[in-house]
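Let me begin by presenting the structure, written as structure tokens, before commenting on it.
Rule-based calculations on the coordinates, nothing more; no lab input. Model, not experiment: these values are computed from the prediction. All Cβ positions, glycine included, derive from the backbone under ideal geometry; neighbour counts span all protein chains shown.
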């Protein structure tokens with residue numbers, strides 16, 4: 001049993017979105033390609049039988065993170081900067097390093113038993129009921145920890161991102177910290 | 001090629017694309033996007049091993065992906081807030097121009 005056609009199409013969509021997101025010059029196009037890649041990955045999860053994870057991926061990544069990235073691009077005026085210098089000076093070295101990492105990973109996958117074991121497992125039947133029971137019984141402690149961490153992260157993000165209003169902050173931080181850039 | 005090996009190859013390709021983006025792009029937002037792609041590649045590995053592994057009824061890899069998505073949401077929110085704070089301070093989001101930690 002080989003890979004199904006739908007898996008191949010979704011994998012190509014996901015990878016094309018990822019490559020486009022990392023190579024396009026205009027940042028808004030990059031954000032769009034990133035959203036396509038995330039959506040393709042969500043479809044891959046559904047294809048592999050993890051419907052709940054696919055829906056969570058769609059909600060969180062396409063619905064929240066991609067939109068957050070678009071907001072960040074617009075707020076930092078990154079779409080208005082010149083398009084000549086999008087890659088860093090050490091870009092060639094970084095690309096070669098990534099290529100080497102892929103070579104090692106692909107060698108490990110191909111030479112391991114995963115490429116040859118012919119065991120085709122039937123799709124596991126997971127109902128929402130089982131997922132709910134697992135979340136409330138076996139994984140209840142990680143669930144609570146992640147809830148606490150999400151709350152802390154949201155408070156931290158708001159504290160970091162909110163512009164300090166003049167008058168409510170102490171005088172010593174009022175002075176421009178980088179006068180030549182503020183001018 | 002078995003489906004598991006196909007998933008693992010797709011995921012390693014996605015990881016390499018994310019790594020290349022995080023290492024080569026100048027804009028801090030796209031560096032964060034590359035990191036998100038790498039995280040997603042790891043998630044795909046978890047789903048693949050859960051689907052084709054010996055005990056899918058324990059939902060281990062599945063739950064790991066759910067929690068990993070939550071962690072990624074928190075990471076993206078804090079990371080983008082940091083990029084906004086740095087932009088307000090240094091007036092740039094170019095990682096190769098942000099060279100000093102003391103303002």
Check: If R0 is 41 Å, what FRET efficiency do you get for residue A:97 and residue A:8 from their C-beta distance, rounded to 0.05?
Finding: 0.90
Check: Where does helix B:3-24 land angle-wise versus the long Cα axis of chain B, in degrees 0 to 90, nearest 10?
Finding: 10 degrees
Checklist line | Sorted by Cβ neighbour density within 10 Å, fewest at the top, the residues A:138, B:25 | finding: A:138, B:25
Item checked: Virtual paramagnetic centre 7 Å along Cα→Cβ of residue A:128, amide N under 15 Å, in the range B:47-81 -> none
Notebook entry, point to check: Helix B:28-52 sits at what angle to the longest principal axis of chain B, using alpha carbons and giving 0 to 90 degrees rounded to 10?
Noted result: 10 degrees
Checklist line | GNM top mover of B:72, B:90, B:22 - chain B, alpha-carbon springs below 10 Å | finding: B:90
Item checked: Cα-projected label distance for residue A:28 with residue A:141, points at 7 Å along beta-carbon direction, nm -> 4.9 nm
Check: By count of other Cβ within 10 Å, fewest leading, how are B:86, A:65 ordered?
Finding: B:86, A:65
Next item on the list: Sum -39500 (n - 2.57) across every DSSP H segment of at least 4 residues in chain B, then divide by the residue count to get the 222 nm mean residue ellipticity, nearest 500.
Entry: -27000 deg cm²/dmol
Check: Of A:129, B:26, how do they rank once you tally other Cβ atoms within 10 Å and put the fewest first?
Finding: A:129, B:26
